[in-house]
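The values are calculated or read from the model by the stated rules, or taken from the named source; none is laboratory data. Only a predicted model underlies this, so the values are computations on that prediction, with no experimental measurement involved. With ideal geometry, Cβ positions are generated from the backbone for all residues, glycine too; neighbour counts draw on all protein chains shown. Side chains included, ligands, DNA and RNA excluded: accessible areas come from the protein's heavy atoms. Shrake-Rupley method; radii C 1.70, N 1.55, O 1.52, S 1.80 Å.
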Amino acid sequence: MKHLIKKGFSPVNSLNNPDNGHKWSLWQKLRLGLTPAEYFQQLLRNPFNWVLCVIFAIGLPIIVYRYVMGLGSVMHASYDYPWGLFLGFGLFCMVPLSASGFLLGTTVELFGHKKFKPILNLALLNGLLGYFFAVVYLLVDLGCPWRLYYPMFVSWGTAAVLFLVGWHVATYLSVQIMEVSEAFFAWIGWPAAKKYIHGATIGLTVAGIILSTLHQGALGTLLTYAPGKVHPLWYSSEFMWIFYLCSSIFAGLCMVIAVSTIVEKTMAWRCSREFLDNLGAITIGLAKGASMALVTYFVIKLIGLTHDNQWSYLATGWGKWYMLEISLGVILPIILFSIAIRKNSVGLVRFTAFITIAGLMMNRLNTALITFNWNLYQEIPHPLETIISVTIFALFIVVYRFILYRLPILYTWQSVPALEMATVPVLEPAETVPVQPEPHFATVMPSIEN
Amino acid sequence: MKSRKIWVWRGIVALFFIAAPAFGTVDEPPASVSIGSLSHLYSEVVFDHDLHLSVTDDCSVCHHHRFGKGVKEERCARCHSESQGTFSARCSDCHVEKPFSVEHIMMMEADPKRYHIDMTGLKGAYHLKCYNCHAAMGAPSECGDCHARSDAGDRFYHSGIYAPAGGSPTGKHE
Amino acid sequence: MSGISRRKFLKSTVIAGGSAAAAMTSAKSAFAMKEFQGYPDSMGVLVDLTRCIGCRTCEAACNKEHNLPEPALPFDNLSVFDETFHEGKQKRRTTDKAYTVVNRYAEQEPGGPVYRKIQCNHCSEPACLTSCFVNAYKKTKEGAVVYNPNVCVGCRMCMVACPFGIPAYSYDSALHPEIIKCNFCYDTRLKNGKPPACVEACPQEALTFGHRKTLVKTAHERIRSNPGKYVDHVYGETEVGGTSWMYLSSVPFEQVGFNTTLQHHPILDNTKSFLGIVPMVLGIWPAMFLGFHLLAKGGKTENKESNAGESCK
Ligand code: SF4
Ligand code: SF4
Ligand code: SF4
């Protein structure tokens with residue numbers, strides 16, 4: 001892509017082709033306005049795509065294998081460790097890392113901090129995809145994935161915390177789809193729908209806060225069903241939900257910082273000037289929010305320890321592991337963030353954000369997997385289970401990138417006033433539009449091949 | 001008690017008294033009792049009453065306070081050292097065959113003043129008495145020492161000709 | 001986002017309300033469960049470890065009763081007691097092929113060895129049941145905790161939740177995987193007024209079947225009238241809020257594989273501090289955050305910081 005941009009190519013960013021004033025067709029939009037050949041070439045040029053191909057070549061057949069042969073073929077089929085990486089990583093890590101949507105939604109839409117507006121769409125998309133892929137992980141993990149809708153429509157286990165998680169993730173997913181669909185409707189060319197969604201923003205945002213507060217906390221509460229299995233240092237029947245809710249706040253914010261960093265480094269061509277110019281200031285702002293949450297988290301962790309009087313466990317081997325987690329995932333980020341904020345160092349903030357994410361994942365995996373059954377025996381995830389988890393994460397990245405390339409997430413859609421009146425999606429160009437080859441690209445082509 | 005260690009064992013000792021003839025009188029204990037209540041798993045067993053009579057000098061070891069030299073257990077003695085003997089010497093007159101039937105459970109609970117609420121059933125009474133004594137005395141105490149298993153029994157235990165083919169000692173377990 | 005008209009506001013409320021309704025139901029029924037003390041006529045089994053001789057007849061009876069798969073070794077083969085798993089850290093446990101297993105413990109103790117049968121304990125307020133989000137479990141009035149594979153989604157939350165590590169899962173089935181555990185012989189016996197197969201088969205009457213209420217008394221009476229014989233505790237009387245299957249032992253329970261660190265109130269209680277906030281969040285959040293929104297719109301934007309951190313307080 002960088003090559004193309006250098007040659008003066010500008011990807012689709014409005015309904016109409018600026019060169020001839022005609023509407024882009026859906027296919028053209030999907031190809032970002034490139035010709036098929038160009039599009040294919042830029043795909044091949046990116047070495048990361050090759051890595052993805054290798055992952056999919058190995059991982060996708062294994063996923064098929066899982067569905068044909070049953071869960072037991074890709075997991076240890078343990079009765080003592082019923083949950084493996086699919087839930088330990090896919091649910092327990094993806095969900096907090098996707099808290100970004102409701103956080104930024106609240107900040108921008110409810111508190112009116114317009115400063116964060118440029119990153120809002122990215123945060124919303126991050127939330128949507130994170131949840132969506134948490135569900136994908138779930139589909140691999142469930143024994144009967146075809147019954148995924150049962151808790152919604154067939155049989156209600158209303159006293160169960162998981163019921164609350166299920167309902168909330170499902171409704172919140174729809175809320176997020178609606179939030180992100182604003183960008184989608186702009187892209188597909190259906191302004192009426194876009195306006196309609198826009199009108200519901202406040203409602204969606206408030207719904208987002210409620211649902212998120214509850215299910216982020218509920219995820220932690222799930223583990224209070226297993227007292228004694230989760231190590232006491234990671235367990236607290238009273239505080240579990242606060243730990244999880246609070247850590248999801250810095251996790252979500254750090255995830256936005258991390259993703260925006262990757263975006264800036266790898267797809268700056270797709271970002272609007274507004275986004276790129278403000279990103280530094282926004283990153284620092286997010287870091288402030290994250291460090292506040294980190295400090296709060298640290299304090300309630302200490303309160304939790306004291307309340308349940310678990311200090312003595314700190315002297316054990318598990319205690320050392322616990323302190324490592326807290327030092328790397330909480331204390332170190334607090335220190336680094338405060339230095340970075342004082343020095344206004346975007347680079348350090350970003351570095352710290354990655355550490356914080358690692359720390360959070362460590363916490364979630366510790367609670368759900370590593371210290372689970374701490375007085376029984378340890379279990380290393382099955383290799384195939386690991387491969388599937390990596391494959392789904394690769395899928396996550398591909399979908400993420402696919403959407404970022406196209407929908408107006410990082411850039412602003414240039415709307416043409418007359419078209420705001422259109423009430424149906426624009427799927428086909430006007431009949432008379434000469435579709436291809438666009439002269440503009442034709443001149444670029446030869447140089448790409450060099 | 002040590003003297004019992006020198007018991008001589010003659011053949012298979014029977015355990016089950018269900019089909020036992022009534023021996024309600026003190027004077028004529030049966031020489032042996034054949035028991036067939038578990039005949040769906042084992043062939044009938046014959047309990048050599050005479051033999052056991054010869055190795056103990058005190059009937060109350062088995063028959064509580066019906067015969068013998070008085071109850072052994074302190075807590076029973078509180079009432080039964082002075083009391084009349086039980087109405088019957090036959091195990092199955094008190095220890096019922098189906099202790100966990102609805103009728104029996106209801107009957108036991110119907111009388112709130114009943115003292116003997118924790119009485120074992122017949123099979124339990126035999127085994128607890130016979131097996132525990134055998135085990136303590138070093139007498140034969142494998143199941144097969146008393147019970148000759150029938151074909152149905154082998155099937156029940158997945159044993160003998162019904163043993164699992166090539167069963168590994170360790171089943172899949174994770 | 002500019003003005004917030006009444007219509008827009010209502011539209012928003014409906015969307016929020018849809019999900020709120022679901023959450024309300026959830027919280028409400030959790031509270032309704034609060035006073036549940038178990039069914040008055042619940043049946044139970046008292047397992048007296050001092051009577052068990054490790055003959056495995058109960059295992060065989062259960063296998064036959066429920067047409068379970070053929071065992072790896074005959075049921076009269078006692079070498080299974082030497083099996084250990086995970087570097088000797090674990091003895092045999094219930095699997096997708098065995099609802100119940102007997103293990104040998106305390107070989108070196110004076111009164112040993114002691115054998116212990118494990119199966120579902122049919123808790124009064126079962127963690128498996130209360131953690132299941134499709135209500136696949138049911139506590140019958142007879143006290144059995146039974147499972148319905150037809151609604152089970154296979155999330156295995158119940159396996160995580162069961163404090164006794166009982167439910168197993170048929171991982172190997174691609175199309176019909178299900179939870180596998182002892183059902184107190186509910187379908188075949190209990191509901192017809194018959195004792196479970198294992199109870200009926202046990203030669204030693206190590207398993208005493210009866211009303212749970214009565215069994216609690218029986219258990220204490222056995223302890224009282226046999227001074228020095230038993231540990232003065234009826235395991236399962238109060239553990240995790242009480243179980244239908246209870247245990248008496250002559251050696252300390254932790255030496256025979258029992259988890260003696262369990263809480264003495266239902267596992268469900270642990271979720272209550274969280275479920276308690278659910279109605280509050282549903283009731284207070286919308287008004288509070290809309291209030292913030294209106295305040296923010298009123299021009300008070302001098303606070304430049306992200307307010308994200310505040311939402312957790
Ligand atoms: S022992 Fe486990 S499986 Fe059985 S009822 Fe209790 S929680 Fe459920
Ligand atoms: S109660 Fe029935 S299902 Fe449960 S262990 Fe005994 S025989 Fe098996
Ligand atoms: S049948 Fe009775 S004595 Fe035999 S192992 Fe089972 S519980 Fe113990």
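Accessible area ranking (1.4 Å probe, heavy atoms, ligands and nucleic acids excluded), largest first, for A:Tyr405, A:Tyr225, A:Tyr67: A:Tyr67, A:Tyr405, A:Tyr225.
Do any GluC sites (Glu not before Pro) in the range B:22-117 lie in a loop, going by DSSP, with at most 10 other beta-carbon atoms within 10 Å of their beta carbon, and if so which?
Values: sites: B:Glu44, B:Glu73, B:Glu74, B:Glu82, B:Glu97, B:Glu103, B:Glu109; in loops: B:Glu44, B:Glu73, B:Glu82, B:Glu97.
Within the range B:22-117, the qualifying GluC sites (Glu not before Pro) (loop, at most 10 other Cβ atoms within 10 Å) are B:Glu82.
Classify the range A:84-409 as rounded, prolate or oblate, taking a ≥ b ≥ c as the square roots of the eigenvalues of its Cα gyration tensor: rounded when a/c is under 1.5, otherwise prolate if a/b is larger than b/c and oblate if not. Since a/c reaches 1.5 but b/c is at least a/b, the shape of the range A:84-409 is classed as oblate. As a calculated quantity, the FRET efficiency between B:Thr86 and B:Lys129 at R0 = 25 Å, using C-beta atoms, amounts to about 0.95. Remark: accessible surface ordering of A:Val74, A:Val399 (largest first) is A:Val399, A:Val74, probe radius 1.4 Å. Among A:Trp269, A:Trp83, the order of accessible area from largest down is A:Trp269, A:Trp83, computed with a 1.4 Å probe on protein heavy atoms. Using a simple spin-label model with pseudo-atoms 7 Å out from Cα toward Cβ, A:Phe354 and B:Asp145 lie 7.2 nm apart. Full extension of the chain segment joining B:His116 with B:Val61 gains 17.9 nm, where the gain is 0.36 nm per residue of separation less the Cα-Cα distance.
If you take the Cα centroid of the range C:218-278 and the Cα centroid of the range C:127-190, the two points sit 22 Å apart.
Panel note: contact residues of the range A:222-248 (accessible area lowered by at least 40 Å² against the chain on its own; 1.4 Å probe) correspond to A:Tyr225, A:Pro227, A:Lys229, A:Trp241.
Which of rounded, prolate or oblate describes the range B:39-140 when judged by the alpha-carbon gyration tensor and an a/c cut-off of 1.5?
On the way: a/c = 2.07, a/b = 1.14, b/c = 1.81.
The shape class here is oblate.
What the phi angles of the range A:326-336 give under the Karplus curve with 6.51, -1.76 and 1.60, with θ = phi - 60°, is a coupling list of 5, 5, 6, x, 10, 5, 4, x, 4, 5, 5 Hz, glycine and proline written as x.
Each Cα pair under 8 Å and six or more residues apart adds its separation to the average, and for chain A the resulting relative contact order is 29 percent. With a simple spin-label model that places each label point 7 Å from the Cα along the Cα-to-Cβ direction, the separation between A:Leu314 and A:Tyr65 comes to 4.6 nm. Between chain A and chain C, the total buried accessible area stands at approximately 7400 Å², from heavy atoms with a 1.4 Å probe. Counting only protein heavy atoms and using a 1.4 Å probe, the accessible area of A:Phe354 comes to about 100 Å².
Give the residue list of trypsin sites (Lys or Arg not before Pro) in the range A:162-261 that are DSSP loop and have at most 13 other beta-carbon atoms within 10 angstrom. Within the range A:162-261, no trypsin sites (Lys or Arg not before Pro) qualify (loop, at most 13 other Cβ atoms within 10 Å).
Would you compute, from DSSP H runs of 4+ residues alone, the mean residue ellipticity of chain A at 222 nm, taking -39500 (n - 2.57) per run and dividing by the full residue count, rounded to the nearest 500?
Details: 19 runs with 284 residues, N = 450.
Dividing the helical sum by the residues of chain A leaves -20500 deg cm²/dmol.
Do any GluC sites (Glu not before Pro) in the range C:44-123 lie in a loop, going by DSSP, with at most 14 other beta-carbon atoms within 10 Å of their beta carbon, and if so which? Sparse-neighbourhood loop GluC sites (Glu not before Pro): C:Glu87, C:Glu107. A:Asp277 contributes an accessible area of around 100 Å² to the protein surface, as traced by a 1.4 Å probe with all chains present. Expressed as an acute angle from 0 to 90° and rounded to the nearest 10, what is the orientation of the C-alpha long axis of helix A:439-449 relative to the principal long axis of chain A? Tilt of helix A:439-449: around 60 degrees. The modelled label-to-label distance between C:Lys141 and B:Cys94, using points 7 Å beyond Cα along the C-beta direction, is 3.6 nm. Helix A:346-365 and the long axis of chain A differ in direction by around 50°, with both axes built from C-alpha atoms.
If R0 is taken as 60 Å, the Cβ-Cβ distance between A:Tyr196 and C:Asp172 corresponds to a FRET efficiency of 0.75.
Set the Förster distance to 51 Å, then compute FRET efficiency between A:Asp277 and C:Asp82 from the Cβ-Cβ distance, nearest 0.05. Mind showing how you got there, number by number?
Details: r = 72 Å, r/R0 = 1.42.
My answer for the efficiency is 0.10.
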